[in-house]
1. Quick check on my filter: what residues within region 492-502 are out of contact with any Pro (no Cβ under 8 Å at 6 or more places or on another chain) and either touching a residue at least 60 places away in the same chain (Cβ under 8 Å) or crowded, with 19+ Cβ neighbours inside 10 Å (or both)?
2. Out of 505, 470, report the one residue that is among the aromatic types (Phe, Trp, Tyr), within 33 Å of the chain's Cα centre (by Cα) and either closer than 27 Å to residue 406 by Cβ or open to solvent by 30 Å² or more (accessible area, probe 1.4 Å) (or both).
3. Out of region 185-204, which residues are surrounded by fewer than 17 Cβ atoms within 10 Å (Cβ to Cβ), under 21 Å from residue 245 (Cα atoms) and in contact (Cβ under 8 Å) with a residue 24 or more places away in the chain?
4. Under the condition of being part of a helix (DSSP H, G or I) and β-branched (Val, Ile, Thr), which residue from region 586-615 is nearest to residue 473 (Cα to Cα)?
5. Is it the case that some residue within region 365-381 is assigned to a strand (DSSP E or B), basic (Lys, Arg) and more than 31 Å from the chain's Cα centre (by Cα)?
6. Hey, among the residues in region 554-598 that are open to solvent by less than 30 Å² (accessible area, probe 1.4 Å) and more than 27 Å from residue 487 (Cα to Cα), which one's nearest to the chain's Cα centre (by Cα)?
7. Would you confirm, using the coordinates I've provided, whether residue 426 is open to solvent by 10 Å² or more (accessible area, probe 1.4 Å), part of a helix (DSSP H, G or I), under 29 Å from residue 466 (Cβ atoms) and acidic (Asp, Glu)?
8. Would you mention how many residues in region 508-534 are open to solvent by 30 Å² or more (accessible area, probe 1.4 Å) and over 24 Å from the mean Cα position of the chain (by Cα)?
Amino acid sequence: MYVGRFVQLCREFKAMGLKRTGGFLATVLAIDAITAFFVTVIFISSIDSSYLGDVNRVIAALLFSCLSVVFLLYFQTQKFIWRFVSLHEIAPFTSAAALTVGSGCLLLSAIGQIPESSVATGTGAIDFVVHGVVHTLLLSATWLSTRVAWRFLQDLVDNERERSALLRPVLLVSAGVGCVNLLRGLEGSNSPISPVGILDFSPHQTGREIRGVPILGSPAELGKIVAALAAQGKRPEEVVLTSPLNEEQTLEVIERSVALKLKVSKLPSPGEARELIGRGLSPAEPITLRSVVGREQYEFDRTPISTLVAGKRILVTGAGGSIGSQLVELIASFGPAQICLVDNGEFNLWQVEQRVKARFADLKLLPRLTDVRDANRLRQVFAEARPHLVFHSAALKHVPMVEANQAEGVLTNILGTKNVADAALEAGVMAMVQVSTDKAVMPTSVMGATKRVAEIYCQALDVGQSGPRFMTVRFGNVLGSSGSVVPIFEKQIKDGGPLTVTHPFMERYFMTIAEACELILHSAAHGANDSNARGVINVLDMGKPVRIVDVARRMILLHGLIPDEDIKIQFTGVRPGEKLVEDLFNDTEKRLESSVVGVHTALSESVPLAVIKAAIATLVEQAAAGKNGDIMKTLAALVPGYYVPSHPSNSSEAA
């Protein structure tokens, strides 16, 4: 039976050996045989020679090697997958080792290699058995150990292979400090990105290395570099900006990357990058639109804001809007005693309350569902909240919508501002800050004209008394605010286009909501106690205007798409009330130097408080009667630069 089993196993081995590449099974048996040979030599060498006599170590080791092959084949250990060896395999290996040692010792005794005197006595027999058991354990343990070691090494190799497969090859842009810090942080980390090269705008850097990563050329050579890396099996999936670039350089990298279907990203702050790498995450983050709108971001000393806000009671109107909600969160970070949230939209008011509560659990909030048109309700809210500072951001801001609903624009933007300012004056606040717009400058729309009247009223209050300050902060479009082009373009891109732009030469000033809010607070902090600044309008430095069509193209690129190919741009025509180009200053305004970085001041001839009050009363009467034509005539008489359109839209009477 045993002979037949052995012959069958030999045939299986031969057949399997032919099927396995490179004679793998034969190699396995050879390794086990060699292991048995050396284990036997070492074991015999460790036994007292008086016990074994003149046994030939080489003959004994060869005998044990041959026997080990027979018994290993019998127990089919050659079929075990080394990588998955476990405790389950102990029994067959131990059995093979025991049979190898037992039969080997019997054969050695039979051919006279082990003296009879060694096992003739009881003590000798016990020693013989003990030596056999030890030899068996050593042999089986060695066989298992080789497999465990192989399993460990294989796991290491496989883990490294799997990790390498998951690593995302990237190209880094800019061989500066940011690049060095990133490469240093990636060393020994589990971050999923693997830099395969560096691009730099300085041509003399090409051919050099940073921490073993080669500088391959400039972004202008991106196509050629990607092709060369692809030929090496290292085609990058992403391009990472490791240092801030100017607008032109950023756009060049984005355009070339998108054309090659490469994702483009940038590094966050060094601290954030280190944290992400430490957590085994990619430190790269998407490039936002603010990186390509052509203006530098300001860094501010926040001490004046903290001095102004800390421990104070604050009231914010329009608190649920895009700017108002961001303003509330920023104010909350400076430790006020209380914030009264005023908004006429229930859901928006609830949202901002929940968001602020989540971040500032100990801050006292007074959410008040209030319409700024309602003067009596406003006085009640002011009496309850007793604010030190008021930030008025409630307004109707959408030009075509106000153009079609002129009376609502008057009642919200003019009457609402007057109500808030009057309530602030009556409550004896320290200061009120009105959020205005560049559309109030030489306006061509009812919205812009109503905001300019609101500026005039606050200016008249500011210079007409020595108590509370009434300040106005004027700025252009805010990226991502409700009604701005950004969320509209985002939806149009998601829908597959086209992106609708009114005119190819339409341009606007842009800044982020966060920066706008910080500049508002800085203006307030520096102007609240400056009696010499009465009557001035604070104008935020908006940088250079950007064409809307360029914003559209850049947003398409940031989504990894090609303008006019993947997504079309469609020109729809200028809408009623819109201007091609916005201004930040009136021609009649005098520009003054400001002590606040990023803020300019404008001083225009103020209108007497009695005159502006009478004009507002007239406008409110006209709005209540729905007399759009009269509204536009009154605005034209009051606001320099505004004129009555020859064909006013939605007019209830002739202009």
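1. Answer for region 492-502, where residues must be out of contact with any Pro (no Cβ under 8 Å at 6 or more places or on another chain) and either touching a residue at least 60 places away in the same chain (Cβ under 8 Å) or crowded, with 19+ Cβ neighbours inside 10 Å (or both): 493, 496, 497, 498, 499, 500, 501, 502.
2. Going through 505, 470 in turn, just one is among the aromatic types (Phe, Trp, Tyr), within 33 Å of the chain's Cα centre (by Cα) and either closer than 27 Å to residue 406 by Cβ or open to solvent by 30 Å² or more (accessible area, probe 1.4 Å) (or both): 505.
3. Listed by number, the residues that qualify are 201, 202.
4. Going residue by residue through region 586-615, those that are part of a helix (DSSP H, G or I) are 609-615.
The next check asks that each one be β-branched (Val, Ile, Thr); those that pass are 611-612.
Details: 611: 23, 612: 20 Å.
Here the answer is 612.
5. Going residue by residue through region 365-381, those that are assigned to a strand (DSSP E or B) are 365-369.
From the residues that got through so far, the ones that are basic (Lys, Arg) too are 368.
Restricting the remaining residues to those that are more than 31 Å from the chain's Cα centre (by Cα) gives 368.
Yes, some residue in region 365-381 is assigned to a strand (DSSP E or B), basic (Lys, Arg) and more than 31 Å from the chain's Cα centre (by Cα).
6. Across region 554-598, the extreme among qualifying residues is 596.
7. Spelling it out, residue 426 is indeed open to solvent by 10 Å² or more (accessible area, probe 1.4 Å), part of a helix (DSSP H, G or I), under 29 Å from residue 466 (Cβ atoms) and acidic (Asp, Glu).
8. First, pick out the residues of region 508-534 that are open to solvent by 30 Å² or more (accessible area, probe 1.4 Å): 509, 514, 526, 529-532, 534.
When the remaining residues are screened for being over 24 Å from the mean Cα position of the chain (by Cα), the result is 509, 526, 529-532, 534.
Residues flagged as open to solvent by 30 Å² or more (accessible area, probe 1.4 Å) and over 24 Å from the mean Cα position of the chain (by Cα) within region 508-534 amount to 7.
The values are calculated or read from the model by the stated rules, or taken from the named source; none is laboratory data. As the structure is a computational prediction, the values presented were derived from the model and not from experiment. Glycine gets a Cβ as well: all are built from the backbone with ideal geometry, and neighbour counts include every protein chain shown. Please note that ligands, DNA and RNA were not included when accessible areas were found on the heavy atoms of the full protein model with its side chains. Shrake-Rupley method; radii C 1.70, N 1.55, O 1.52, S 1.80 Å.
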